[in-house]
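We did not get these values from a lab; they are worked out from the coordinates using the rules stated. These numbers were taken from a predicted model, which means no experiment stands behind them. Cβ placement follows ideal geometry from the backbone for every residue including glycine, while neighbour counts extend to all protein chains displayed.
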There are 2 protein chains.
Amino acid sequence: MDYETPQFFRVMEYAADADRDVVDMVSGSPDWEPPAALREGLRTYAGADPADFQYPASIGLRDLREEIAQRRGVDRRQILITNGAGEANHLAMLGGLETMPGGEILLVDPVYPYYAGRANFIGADLSFVSAAADGHLDPGDVRAAASDETAVIVINSPNNPFGVTYGADTVEGVLDVAEEYDALLVSDEVYDHFDYTGRFSSALSVDSSNRVVTNSFSKTMAITGWRVGYAVFPQGGDAAAELLDDARTRHMLTNVTGSRPAQAAVLHALRNTDPEYFERNRERLRERIATFTEALDAAGAEYTQPEGAFYVMARFPDFPGTFENVFRLVDEAGVAGMPGETFGTSRGDWLRFSLTTDRVAEGADRLADFFE
Amino acid sequence: MDYETPQFFRVMEYAADADRDVVDMVSGSPDWEPPAALREGLRTYAGADPADFQYPASIGLRDLREEIAQRRGVDRRQILITNGAGEANHLAMLGGLETMPGGEILLVDPVYPYYAGRANFIGADLSFVSAAADGHLDPGDVRAAASDETAVIVINSPNNPFGVTYGADTVEGVLDVAEEYDALLVSDEVYDHFDYTGRFSSALSVDSSNRVVTNSFSKTMAITGWRVGYAVFPQGGDAAAELLDDARTRHMLTNVTGSRPAQAAVLHALRNTDPEYFERNRERLRERIATFTEALDAAGAEYTQPEGAFYVMARFPDFPGTFENVFRLVDEAGVAGMPGETFGTSRGDWLRFSLTTDRVAEGADRLADFFE
């Protein structure tokens with residue numbers, strides 16, 4: 001077992017060592033302000049009674065679970081507060097692997113590398129279904145890739161790295177496949193507040209005991225380092241009860257509970273943040289998308305029009321998405337992106353650019369100049 | 001796999017439902033103030049730049065690791081910041097089980113129940129060595145209980161539930177056994193700031209590639225809910241490197257990283273808290289110990305004189321430490337303690353009382369009256 005330095009560190013380190021100014025379009029950490037109520041919530045918590053500094057319930061602060069339950073239209077008891085979506089995905093994937101028949105986890109290629117790393121780590125067999133040419137996922141392709149061996153199917157919408165948003169048909173179609181093969185659908189929806197189409201459909205919109213929805217406030221509130229996430233488990237039936245028990249036990253024996261200052265501040269922010277905050281973030285990203293895709297047009301690049309999340313996948317003529325070419329872009333263009341090959345095999349010729357920088361226009365100009 | 005409600009919840013719920021006022025001497029959550037600099041550190045962090053709200057390094061904030069490394073006299077690269085000592089123990093126990101020969105985890109009875117729960121959960125065979133009559137651990141007894149099957153030995157000093165502090169001879173003796181059987185000693189030292197004897201000896205005082213030291217700021221800074229802990233891994237040799245790699249990878253793929261607000265505030269508190277803060281906490285506990293043990297004397301109880309941590313183990317005449325008797329004490333005396341049977345088999349006749357309440361004197365009076 002190796003400590004795998006995440007690939008994006010390789011690019012970030014290379015960019016940091018470069019002799020020139022580089023526009024960082026590598027990582028997915030928001031560069032914008034969190035909700036004002038989040039800062040306020042943390043400040044208030046800093047003055048709380050010592051009793052409020054002690055263990056919350058292992059499954060998370062009750063008021064936070066209640067607040068999330070009301071917003072998501074589920075029972076509070078279905079919710080487990082986790083150390084970010086990372087732990088939520090870990091619990092859901094491992095729980096599905098242990099409780100469902102089969103030993104395989106089915107992922108979408110191009111894939112968010114943590115899913116593949118985690119699936120490998122927990123000893124699953126991996127299989128992949130390729131996204132369609134437009135970045136969308138065809139449930140028919142998922143059905144063709146699934147088998148009795150499939151224990152877990154993981155999807156991510158709005159999607160990293162492709163920037164597409166799956167509609168209700170896709171989510172329902174994939175869930176049908178999960179039910180058909182007695183598999184667990186893990187639907188990671190961390191970018192749900194960054195849908196630019198209005199078409200986003202949560203897997204919670206379909207009632208099924210074969211799906212776990214994971215989410216976090218990392219992107220929603222621009223706090224990837226705070227680690228407040230959650231999983232919504234299905235209700236009803238022995239299998240669903242076992243899945244939830246399994247996750248609660250694993251969470252308790254691994255982490256005891258999530259960090260309370262962050263939970264308290266997120267709760268305060270949930271209660272005191274206007275929808276305008278989220279709309280402003282979407283508007284900012286819409287502008288960045290327009291700026292960046294105009295430059296891609298100018299550079300003669302092929303790209304997937306982003307419908308959600310923060311990313312653009314692009315392909316430049318005769319410039320495959322290798323580490324070598326990414327390093328060349330750093331040195332010669334002053335722009336750092338991610339090699340397509342780090343997201344699987346289906347888009348190895350492509351590059352991913354993250355729009356989480358206020359220098360998107362500068363990055364776009366540099367790319368347009370370089371490929372001119 | 002069942003979601004095991006921790007046993008102390010059973011007692012706390014029973015006490016909460018009682019028709020009378022009950023002095024809560026069940027849980028080990030401090031009831032005193034955290035360092036002022038901790039509150040200040042969190043307030044300052046609440047006003048930080050958005051970049052400081054994003055992912056820290058997976059292994060923890062570099063400055064925090066450096067600060068801990070200097071204090072503990074180790075290399076920063078040996079330190080992994082975890083989600084409390086819970087995760088540190090999880091990583092160390094599971095890492096030892098996977099990298100050392102043998103499939104058994106050896107625990108001390110009476111045992112902190114989380115160790116046994118975790119060892120069961122990760123599929124280890126459990127074996128136990130009984131503490132001596134005075135609560136101390138005899139390395140000769142550990143040697144007699146160990147075998148080639150022993151992969152991990154877990155000790156806790158100052159000790160929960162026994163309140164004893166192991167000296168250098170004990171720690172060195174147990175480490176010798178670990179080396180002899182090619183096992184990993186996991187030394188959980190979360191109560192290291194609560195030693196009333198001056199005799200406490202950290203396992204870090206002996207250089208060995210067979211020991212991991214775990215710790216946290218939960219007790220030290222009275223913040224059990226904040227979840228900032230760490231593990232110090234050994235240095236040198238392939239086995240040590242593998243152990244550290246294994247823990248880093250598992251930590252990254254499970255949690256990504258620990259919560260940053262809590263890490264930032266703990267770092268500020270470490271840098272700006274006088275030794276007097278910790279001495280005041282010890283003084284408060286010394287007084288509570290004196291008050292409580294006087295009452296135990298009056299009640300004709302046998303007890304272990306606390307040398308560290310927050311707990312007193314006591315045995316009353318003809319009153320074994322069962323749940324039934326604990327519930328009776330709640331109803332008839334108005335004091336809630338923990339049944340000895342929840343800590344293993346060797347002290348089933350005993351009760352554990354936690355001194356983390358400012359009503360220790362009231363609890364002591366009630367017990368003295370009840371057993372008079």
### Dipole of segment A:36-272, positive direction: furthest Cα of A:Ser58, A:Tyr196, A:Gly163, with charges on the beta-carbon
A:Ser58
### Task
Summarise the long-distance tail of P(r) for segment A:1-159 by giving the % of C-alpha pairs beyond 26 Å.
51
### Shortest-first nm distances, A:Gly236 label point to equivalent points in other copies (7 Å, Cα→Cβ)
6.2
### Message
On the principal axes of its Cα set, how long, how wide and how thick is the protein assembly as shown? Give whole Å, largest value first.
### Response
90, 51, 48
### Message
Largest first, please: the extent of the C-alpha atoms of segment A:36-272 along each principal axis, to the nearest Å.
### Response
56, 37, 30
### Task
State to the nearest 20 debye the size of the charge dipole of the protein assembly as shown about its Cα centre, where the only charges are +1 on K and R beta carbons and -1 on D and E beta carbons.
1580
### Query
Taking Cα atoms, how many degrees apart are the long axis of helix B:62-72 and the longest axis of chain B, rounded to 10 and kept between 0 and 90?
60
### Query
Between copies, how far does the label point of B:Ala298 sit from its twins, in nm, shortest first, when each point is 7 Å from Cα along Cα→Cβ?
8.5
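Can you give the helix-only mean residue ellipticity at 222 nm for the protein assembly as shown, where every DSSP H stretch with n ≥ 4 adds -39500 (n - 2.57) and the sum goes over all residues, rounded to the nearest 500 deg cm²/dmol?
Values: 24 runs with 301 residues, N = 744.
So the helix-based figure for the protein assembly as shown works out to -12500 deg cm²/dmol.
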### Query
Closest to the A-onto-B rotation axis, which residue of chain A has its Cβ, and how many Å off the axis is it?
A:Ser259, 2
### Task
Could you work out how far apart the two model spin labels at B:Arg284 and A:Asp274 are, taking each label as a point 7 Å from the Cα in the direction of the beta carbon, and quote it in nm?
4.3
### Query
Taking only Cα atoms, what is the 0 to 90° angle, nearest 10, from helix A:360-371's long axis to the longest principal axis of chain A?
40
## Note on the structure
GNM on chain B, Cα springs under 10 Å; top mean-square fluctuation among B:Asn120, B:Asn156, B:Asn89 goes to B:Asn120
### Summary
With the charge dipole of the protein assembly as shown built from beta-carbon charges (+1 for Lys and Arg, -1 for Asp and Glu) about the Cα centre, the Cα from A:Ser29, B:Gly84, B:Thr44 projecting farthest to the positive end belongs to B:Thr44
#### Entry: Computed log₁₀ I(q)/I(0) - Debye formula, equal Cα scatterers, no solvent, segment A:206-310, q 0.10, 0.18 Å⁻¹
-0.49, -1.01
### Query
Kirkwood Rh over Cα pairs of segment B:170-220 into Stokes-Einstein at 4 °C, 1.567 mPa s: D in µm²/s?
111
## Note on the structure
Given unit charges at Cβ for Lys, Arg (+) and Asp, Glu (-), the dipole magnitude of chain A about its Cα centre in debye, nearest 20, is 1280
### Query
By how many degrees, 0 to 90 and rounded to 10, does the Cα axis of helix A:84-99 deviate from the longest principal axis of chain A?
60
### Summary
Per-residue average of other protein chain Cβ atoms inside 10 Å, peptide B:53-65 -> 4
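Would you work out if segment B:77-168 is rounded, prolate or oblate? Take a ≥ b ≥ c from the square roots of the eigenvalues of the alpha-carbon gyration tensor; rounded if a/c is under 1.5, else prolate when a/b is larger than b/c, oblate otherwise.
oblate
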## Note on the structure
As a percent rounded to 5, the proportion of antiparallel DSSP bridges among beta bridges in segment B:84-234 is 20
### Message
Just to be sure I understand: with springs between alpha-carbon atoms less than 10 Å apart, which residue in A:Arg280, A:Arg199, A:Arg227 has the highest mean-square fluctuation in the Gaussian network model of chain A?
### Response
A:Arg280
### Task
Note down, for segment A:238-372, the three equivalent ellipsoid semi-axes (square root of 5 times each alpha carbon gyration tensor eigenvalue), biggest first, whole angstrom.
38, 22, 14
### Summary
In nm, the gap between the two label points placed 7 Å beyond Cα toward Cβ at A:Thr322 and A:Asn120 is 2.0
### Task
Please build a GNM for chain B, connecting alpha carbons under 10 Å apart, and tell me which residue among B:Asp182, B:Asp349, B:Asp134 fluctuates the most.
B:Asp134
### Task
Put a label point 7 Å from Cα along the Cβ direction on B:Arg71, then list its distances to the equivalent points in the other copies in nm, shortest first.
3.5
### Task
For chain A, calculate the relative contact order in percent as a whole number, restricting contacts to Cα pairs under 8 Å that are 6 or more residues apart.
25
